[in-house]
1. Once the piece of chain linking Leu448 and Lys120 is laid out straight, how much longer is it, given 0.36 nm per residue of separation minus the C-alpha distance between them?
2. How about segment 116-225: which trypsin sites (Lys or Arg not before Pro) there lie in a loop by DSSP and see at most 15 other Cβ atoms within 10 Å?
3. Normalising by the residue count of segment 290-387, find the relative contact order in percent from Cα pairs under 8 Å and 6+ residues apart.
4. Only loop residues by DSSP count here, and only those with at most 14 other Cβ atoms within 10 Å; note down the trypsin sites (Lys or Arg not before Pro) in segment 364-448 that meet that.
5. I'd like to compare 242-254, 278-290: which one has the highest average count of other Cβ atoms within 10 Å, and what's the full order after that?
6. From the cross-link list Lys191/Lys422; Lys281/Lys413; Lys281/Lys377; Lys120/Lys191, which pairs have alpha carbons spaced over 27 Å apart?
7. Quick one: 3J(HN,Hα) in Hz for segment 86-96, Karplus 6.51/-1.76/1.60 with θ = phi - 60°, rounded, Gly and Pro as x.
8. Find how many whole Å separate the alpha carbon centroid of segment 76-122 from the alpha carbon centroid of segment 123-146.
Amino acid sequence: MSTSTTAGVLTDTPASDANVNKNCAITNNSNISVLILDAQGDDVTPMQVGYEQNLSLMASNDGGFQALDAGRTQNYTLNDWYTDDDNTQQYSTNYQFIITTADCLFPVKMTHAHYNLRPKPHTYDSITIAQADLDTMKLTEQFLQTMMAYPSSTLAKGFQQAMSGATDSSGSIEDIDTAVANFFATTQQYKTITLASITAMNTYYSQYPYVWSSYQTSKTYYLYGSDGNTVTDQGSVQISIQSILPARTDKNLPYFTMTYTDPSGASRPLYYAHNQFVDNKNSDMPAVCLAGTFVLRSTLTKVATDTSVMPILAGTINGLSVLGYDQKQKQDSDGNWSGLYTLLHPKDAMGWVSLFMTATGIYMGLEMAFRGLQGLKDRLFKKRNSDTDQSDPTGTELEEIRSEAKADVSAIKADSQKLMDKLDKQIEVTEDVAPKMDEFQKKMTDQLNEDQRNNLQDNLADKSDFIEDTMLEYGNPPSLQKVSGDIDQTYDSLDSLSTEDLMTKLQGFTDHITEVINTNFSAEVDRILESFKNLSKEVTDSLKEAKDASTEVKETSDKIDEAKTDNENGETPDDMDWHEFGFEPGAWG
C-alpha cells in the first residue's frame, strides 16, 4: 500500500533518484508462468491494500516479457513517482508486488521490494517466487472460504482475537509477522498462511469475480426467492469470461459478461464490485444485489455426507430474499419444489438468506481486523524504507502510526456498512464481532431446529394422509382414529412450540408417535392382513367353484350343440340323455 498519489513514470530524472539502481531481479522457481503487478495506492480511497490498489502489469527490461516463465530470472525497472505535500515530484522507494497466475490473476505471492539505503547507489533486494508460495495461497483460499462458511467457529474467533491483539501490541513488521505466524502455528492445516497471503486472496475476491465462476469460462446460478409463505423462481445469473492471455487488470471487467435474467426471460447487465453483483452500481439500493459467499453443502441438502463447501449467491431482488445455486431445481404441477432441502420450506429459505447475510456482516468485521493489521504493517514498512537508518518507530511516532491505521479502519467500517445496507439494513458491521458470532451461532441453532420442526411436520402429515386413506378403505376403525388424532395433536403442538422448547420435546414427541403407531396402527395392520388372508381364501374357493361350474356349463353346451346338429340332420343320438337337460325328445319340432 502507498498513501501517496502515483504520478506515473517521468521522462526527466529528478535529482532525488540519481543514486538509485532501479533494477529489481525476480526469479520464478514455481512451475507456472506468472505476471508481476505493481500495486500503488492513492490518497482518494482510505487504506487501499492488495488488489484494491492501482495495478499495472510490469514488463521485464530484457525483451519486455509480460509473463515470467517458470525457471527464469528477469530484471524489472522500478520507476514510480509521487507528488509530495509541497507539490514536488519525488521518486518512490515503496513498491508492493502482487505476483499472479497469467490466466486469471490468481495471487501467487504478495511482497514488498526491500530498498537498501546504505550502499550507493541504493539497491533493491532480489525477489524469489517458490512453488510453496502458490501452495500457501491455495491454503489461504481454503481458509477464507472456511471463515465464510463457519463465521462463528472457534477458528474464526481465535483469528479475530489474534489480529486485533497484534494491531494493539506490534511495533515492527517482524512483530506483526510473528503474531500471525504464532496463531496459524496452532492450526492443523494452515501453518504456512501469512498476513500477506490473506490480504491478497481477500482483495482478489473483492475485485475480480473469477471465484464465482469457479474459475471456468461460464457459470449459471439459479435464483429462488421466499417471502416466508411461498418459494418462487426468480430467474438466473450468468457469468461468462472471455479468455485472454495474459489476463487484464482493468477493474471495469470488460472481458466479463454478467447478466441477470428474470423469470419472464428479460435480461439486464450486472456489475461486480466488493464481492457484490448489482444491476446499478451508482444506487444505494439497487433492485438486484447479490453477494457471493460459501456454505457447507449439507447445510442446504441435509445430507450428512455433503461435507464440501459450495459457492452460493444470496441477497435481494426487488426486496425479495433470494438464494442462488448452480443447480436448477424442479417444480411439479402442484407447485412443489424438489432438490435442495431449504427450498421445500418457504420459512426455511427466508431464514437461511437472513442467516447468510448475518454471516456476511461478521466476515466484514473479520476483514476489518486483518485489514487494520495489514495497514499498520504497510505504514511501518513505508517508515522503514524512508528513513536513512531504516529504523522502526517508537513512542509517540509509533502511536501516531497506529492512530492513522485505526482511522483508516473506521473509514473502511463506514464503507462496509454501506455495502451491507444494500443487502440488509438490519445488520450492523462492527469490528467487535465476538457478540455477533455468538448471536449467529444461536440463529444457526434456531434455524436448524426450524428445519427439524418442518421436517417432522412433513413426516407427520404424510403419515396422517396415509392413515386417513386407510381408514376410508377399512371402515374407520377406532384404533386408527386414535393414531390419526395423536398425530394431528402432535403436529399442532410442534407448530405452537417455541424454537427454544422444540429440541427438548422433540424426542418425546417422536417416541410417543412411534409407540402409538407400533401399538395401534401395527395391530390394525395385522388385523387387516389377517382379513386379507381370510378374504383371499374365500375368494379362492369361490373362484374354484366358479371355474368348475364354468367347465360343466361348457361341456353341457357342447353336447347341446351336437344334439341340435344331429336333430337338424334327422338323427337322434342313442346315447343322449335328454332328461339331463330338462328336455323331451322332439321338443324342437
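1. Values: separation 328, 0.36 × 328 = 118.08 nm, distance 6.61 nm.
Full extension of this stretch gives 111.5 nm more.
2. Numbers: sites: Lys138, Lys157, Lys191, Lys219; in loops: Lys191.
Here the sparse-neighbourhood loop sites are Lys191.
3. Numbers: 94 pairs, mean separation 19.0, N = 98.
After rounding, I find 19 percent.
4. Working: sites: Arg371, Lys377, Arg379, Lys382, Lys383, Arg384, Arg402, Lys406, Lys413, Lys418, Lys422, Lys425, Lys436, Lys442, Lys443; in loops: Lys425.
Here the trypsin sites (Lys or Arg not before Pro) that fit, given the DSSP loop and packing criteria, are Lys425.
5. Details: 242-254: 13.3, 278-290: 16.5.
Order by mean packing, descending: 278-290, 242-254.
6. Numbers: Lys191/Lys422 36 Å; Lys281/Lys413 19 Å; Lys281/Lys377 32 Å; Lys120/Lys191 39 Å.
Distance filter (> 27 Å) returns Lys191/Lys422; Lys281/Lys377; Lys120/Lys191.
7. Once rounded to whole Hz, the list reads 8, 6, 10, 6, 10, 6, 8, 9, 9, 10, 10.
8. So the two Cα centres are separated by 18 Å.
The values are calculated or read from the model by the stated rules, or taken from the named source; none is laboratory data. All figures in this text were calculated on a predicted structure; none of them were measured in a lab. Virtual Cβ from ideal backbone geometry, glycine too; neighbours counted across all protein chains shown. Surface areas here come from the heavy atoms of the whole protein model, side chains and all, with no ligands, DNA or RNA. Shrake-Rupley method; radii C 1.70, N 1.55, O 1.52, S 1.80 Å.
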